[in-house]
Structures are given as structure tokens and as C-alpha cells.
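Peer 1: The following block contains the structure, expressed as C-alpha cells.
The values are calculated or read from the model by the stated rules, or taken from the named source; none is laboratory data. These numbers come from a predicted model, not from an experiment. No Cβ is skipped: glycine too gets one built from the backbone with ideal geometry, and neighbour counts run over all protein chains shown.
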Amino acid sequence: MIPSEFINAESIKDGSISGNENLRFFEHSNIPLVWFNNLRTIILATIAGLLSFGVLALIVMVLPVLMIGFFTATIASAGLSPFLFLLAFVIPHSILEIPAIVLAGAAIFRLGATIASPSQGKTIGESWLAAMVDWAKVMVGLVLPLLLGAAILEVLVTPRVAAWIFGG
């Protein structure tokens, strides 16, 4: 847990947590870091999906939802409004991030499942190649831009919304 003396409205409005002034939330340079972190997760989920016929990819995609549930329950048990927590810290950037995760999960699941059940009249290689092309189209055309937009919102908008809601 972050000690409560480190969190005050003025430091959040300033874009940092007290005692960690070097950790800045509103810096544009953080956008690629957040974007690459999400891309790394998608790549790991793809590898896991290929090794498990798509099943492990879905587990990797569900983990962020589990974390959100844990933090929401923790906030609620502390006597704070879980709705305000979700509104401040989750909803601003998840408007783009959740659709990207769902699309990526579906493409990865199809890619992994194709190995176990190829299309009728095609070899496993032909079916897998077609699924890989579809995966690449979904990733490049939809998932990467959505995750970039989500990273921009996560760095520039979400902390400001949180400061506005919790800072007064």
C-alpha cells in the first residue's frame, strides 16, 4: 500500500506523489512506455496462445480485469466509493483499451485454435497462415491504434481526471 501521507491533493494536481517527485504522471515521454507495455502484453499473449491453442491468451487478457476488481474491492473495503475509483482511474483510458484487448484476444484465440481445428479443405499450414494474416490485420489496423490512443489518454487524461475527482 502507498502510505496515505504520500498522497495529497496538491501533489496529485502537480502530477506526482509526495516523496516521488521524479515520478511524473503527465509527461509526454511516458506515452511510448505505456504503449510498449501494452504491446508487450499482446505479444506475450500471442505466444501463450500459440502454445496452448488459444487458451492461455484468454487468461492473460483477463488478468487486467482481475486487477481492477481487486483494487475496486480494496477501495470499497476502505470505505471509499468504488464507482469514483473506476470513474477516475479506469474509465478514461479503458474506453479504448478494453475494445483493443477484446479484439486482440479474439484474434489470438482464433490463431491458436486454428492449429487444433484447421478449416475444412485446407491443411493446418494453410489455415494457420490465413489466421496469421487475419491476426496481423486486426493488430495493425485496430489494436495498435486503439492501444496508442489508450496510452495517450492514460498518461494525459486519466491522472487529471483522478486529481479532479479526488483532489476537489
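Peer 1: Which one of Leu56, Leu63, Leu51, Leu87 is buried (at least 17 other Cβ atoms within 10 Å of the Cβ) and at negative phi?
Peer 2: Going through Leu56, Leu63, Leu51, Leu87 in turn, the sole match is Leu56.
Peer 1: For the subset of the stretch 105-125 comprising residues that are of a type in the set (Gly, Ala, Ser) and over 20 Å from the mean Cα position of the chain (by Cα), which member is farthest from Leu50 (Cα to Cα)?
Peer 2: Ranking the candidates gives Gly121 first.
Peer 1: Further, regarding this structure: State whether one or more residues within the stretch 101-109 are hydrophobic (A, V, I, L, M, F, W, C) and farther than 27 Å from Val155 by Cβ.
Peer 2: Looking for residues that are hydrophobic (A, V, I, L, M, F, W, C) and farther than 27 Å from Val155 by Cβ, one finds at least one in the stretch 101-109, hence yes.
Peer 1: Shifting gears a bit: So which of Ile95, Ile101 is in contact (Cβ under 8 Å) with a residue 24 or more places away in the chain and either buried (at least 16 other Cβ atoms within 10 Å of the Cβ) or not in a helix (DSSP H, G or I) (or both)?
Peer 2: Selected residue: Ile101, the only one of Ile95, Ile101 that is in contact (Cβ under 8 Å) with a residue 24 or more places away in the chain and either buried (at least 16 other Cβ atoms within 10 Å of the Cβ) or not in a helix (DSSP H, G or I) (or both).
Peer 1: Okay, moving on. Condition test on Ile165, is it among the hydrophobic types (A, V, I, L, M, F, W, C), surrounded by fewer than 17 Cβ atoms within 10 Å (Cβ to Cβ) and at pLDDT below 90?
Peer 2: yes
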